[in-house]
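The values are calculated or read from the model by the stated rules, or taken from the named source; none is laboratory data. Since the structure is predicted, the reported quantities are computational estimates derived from the model, not experimental observations. Cβ sites come from the backbone with ideal geometry, for glycine too, and all protein chains shown count toward neighbours. With ligands, DNA and RNA removed, areas are computed over all heavy atoms of the protein, side chains included. Shrake-Rupley method; radii C 1.70, N 1.55, O 1.52, S 1.80 Å.
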Amino acid sequence: KNNRDVHRKNFCSRSCSSSMWLGAPKKHPALAPTDHQRQVIYGSLLGDGWITKNAYNKNSRLGYGAKHKDVVDLLINQFDAHIMRPSFETSPEGGFSIGNSFYRTYSINNSYFSMERSRWYQGAKKRIPIDLELTPTTCLYWYLGDGCASNTRINLSTQGFEWSDVNN
């Protein structure tokens, strides 16, 4: 075994079920998230969440990262255990957290996330779907991922989106 295989085995034995995350990808039926789970997904995508295509699988997956482990774990706990991978610590490349801890999670690859990716992305650019409904849950997860508060107001970051998306 090379060092990469040993690292992967050690990492997975500490943080997730190695039978689920190593080896051939398992086929999962399309997710049917509850209304609450959809709102969590949408809020995370308005914030620091992303959906990526997997090079080894035709389906996409949801990713999420934050400076605070409890924020990542809150998102994970909204889903069944087999949907979201346990959070893990990593060092971000660049940005505000150089030298600090950063926590991430990923979902399983699933056709549901592929469908949502087609709604949320034009090429590699994340866009806000025209039919997105802002709910208290969506705004909460947006705030947790990309918001801040002062004594008099709450700010939700929109700089990563096109002006036309934000203005609709």
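Please identify the pairs in which a residue from the range 122-136 that is in contact (Cβ under 8 Å) with a residue 12 or more places away in the chain has its Cβ atom under 8 Å from the Cβ atom of a residue that is in a helix (DSSP H, G or I) and hydroxyl-bearing (Ser, Thr, Tyr), counting only partners at least 6 apart or on another chain.
Note: pairs meeting the criteria are LEU132/TYR42; LEU132/THR138.
Hey, among SER87, SER18, which residue is at pLDDT below 65 and open to solvent by less than 60 Å² (accessible area, probe 1.4 Å)? Give the steps one after another, and end with the answer.
Numbers: SER87 fails: at pLDDT below 65.
Criteria check complete, one pass: SER18.
Out of the range 105-146, which residues are surrounded by fewer than 17 Cβ atoms within 10 Å (Cβ to Cβ) and not hydrophobic (A, V, I, L, M, F, W, C)?
Filtering the range 105-146 down to residues surrounded by fewer than 17 Cβ atoms within 10 Å (Cβ to Cβ) leaves 111, 115, 118-119, 122-125, 127, 129-136, 140.
The answer is SER111, SER118, ARG119, GLN122, GLY123, LYS125, ARG127, PRO129, ASP131, GLU133, THR135, PRO136.
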